[in-house]
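Asker: Okay, handing you the structure first.
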Amino acid sequence: MQPETEDWLGMAEEDWTAALLLHEAGLRNSAAFHVHLAVEKVLKAVIAEFRDVSAIPYTHDLVHLARFADLPVPAETLAFLRALSPHGVSARYLRNSEYDSARVSYFIEKADETVTWLRQRLS
């Protein structure tokens with residue numbers, strides 16, 4: 001595995017841990033934001049591993065990153081990435097009731113499945 005890939009995965013793991021702790025503490029907006037960051041960084045790890053690390057796009061758009069990684073992403077996973085993608089901004093900057101416990105739990109569950117699938121591509 002490339003050193004840059006390991007760096008991205010390490011950052012993703014930190015964001016994942018933060019998401020879980022924030023969710024447990026009832027800080028739902030911040031938890032949703034860190035879920036997004038964790039998925040984003042794993043996608044960037046895949047790009048770093050299989051493409052030139054300097055080619056990693058400066059974007060938070062999860063669908064764009066998945067397509068750029070050139071992976072055969074299952075339709076269900078792509079649909080989740082499409083649903084989660086806008087929350088990288090809205091969870092950070094907008095305070096609203098959209099982020100209740102059930103919604104953030106759903107993000108965590110689906111992100112865990114997505115990250116597991118992505119990490120399998122790196123094995």
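Any read-out appearing in this document is the output of simple, stated calculations on the displayed coordinates, not a laboratory observation. No experiment lies behind these values; they were computed from the predicted model shown. All Cβ positions, glycine included, derive from the backbone under ideal geometry; neighbour counts span all protein chains shown.
Asker: For the modelled label position 7 Å from the Cα of residue 121 along Cα-to-Cβ, which residues of segment 45-68 have backbone nitrogen atoms closer than 14 Å?
Answerer: Residues passing the 14 Å test: 45-52, 56-57, 62-68.
Asker: Going by C-beta contacts inside 10 Å, put 35, 46 in order with the fewest on the left.
Answerer: In order of increasing Cβ crowding within 10 Å: 46, 35.
Asker: Moving on. What is the distance in Å between the Cα centres of segment 18-37 and segment 47-123?
Answerer: 15 Å
Asker: What distance in nm lies between label points placed 7 Å from Cα along the C-beta direction at residue 98 and residue 6?
Answerer: Taking the two extended label points, one gets 3.8 nm.
Asker: Give me the angle, in degrees from 0 to 90, between the Cα long axis of helix 28-50 and the longest principal axis of the Cα atoms of the chain, rounded to the nearest 10.
Answerer: Between the helix axis and the principal axis of the chain, the angle is about 0 degrees.
Asker: How high is the relative contact order of the chain, given as a whole-number percent (alpha carbon pairs under 8 Å, six or more residues apart)? Can you show the working numbers first?
Answerer: On the way: 143 pairs, mean separation 38.3, N = 123.
In percent, rounded to a whole number, it is 31.
Asker: Testing the spin-label approximation: label points 7 Å from Cα along Cα→Cβ at residue 83 and residue 109. State their distance in nm.
Answerer: Result for the modelled spin labels: 1.0 nm.
Asker: Normalized C-alpha radius of gyration of the chain, against 2.2 N^0.38 Å? If you can, show how the numbers build up before the last one.
Answerer: Details: Rg = 13.7 Å, N = 123, 2.2 N^0.38 = 13.7 Å.
Normalised Cα radius of gyration, the chain: 1.00.
Asker: Only helical DSSP H runs with n ≥ 4 go in: add -39500 (n - 2.57) per run for the chain, normalise by residue count and round the 222 nm mean residue ellipticity to 500 deg cm²/dmol.
Answerer: Values: 6 runs with 91 residues, N = 123.
For the chain, the value works out to -24500 deg cm²/dmol.
Asker: Rounded to the nearest 10 degrees, what's the angle between the helix 75-84 long axis and the longest principal axis of the chain, both from Cα atoms, 0 to 90?
Answerer: 50 degrees
Asker: For segment 5-10, take each phi angle, set θ = phi - 60°, evaluate the Karplus expression 6.51 cos²θ - 1.76 cosθ + 1.60, and give the result in whole Hz per residue in order, putting x for glycine and proline.
Answerer: For segment 5-10, the Karplus curve yields 4, 4, 4, 4, 5, x Hz.
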